[in-house]
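To keep things clear, I will list the structure first and then write my remarks on it.
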Amino acid sequence: MAFSFKNAKGVTYILHAKSTITKTGKTQTLYFFSKEQKAGALDAVPAGYKVAETANGLPVLKKA
């Protein structure tokens, strides 16, 4: 079951992750929320992060 977050407006978002390789060869992980479940959906919030909500109601990950 993918991790989902319901904002104050009642819209449900699902947490995803995508890994890319930078020009220097390092692996960088991008975390994002989507209204639909796609490939790369995560089961839980990564360690060291917490979910916060912006003024517009969009969920974001912040370092704890």
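A few notes on this one:
- Label-point separation in nm, Ser4 to Ala47, each point 7 Å along Cα→Cβ: 2.8
- Pairs from the table (Lys35/Lys63; Lys6/Lys38; Lys26/Lys50; Lys6/Lys50) lying more than 19 angstrom apart at Cα are Lys35/Lys63; Lys26/Lys50.
Read the figures in this text as sums done on the coordinates, not as results from a lab. If you're wondering where the values come from, they're calculated on a predicted model, not measured in any experiment. Positions of Cβ are generated from backbone atoms using ideal geometry, with glycine treated the same way; all protein chains shown enter the neighbour counts.
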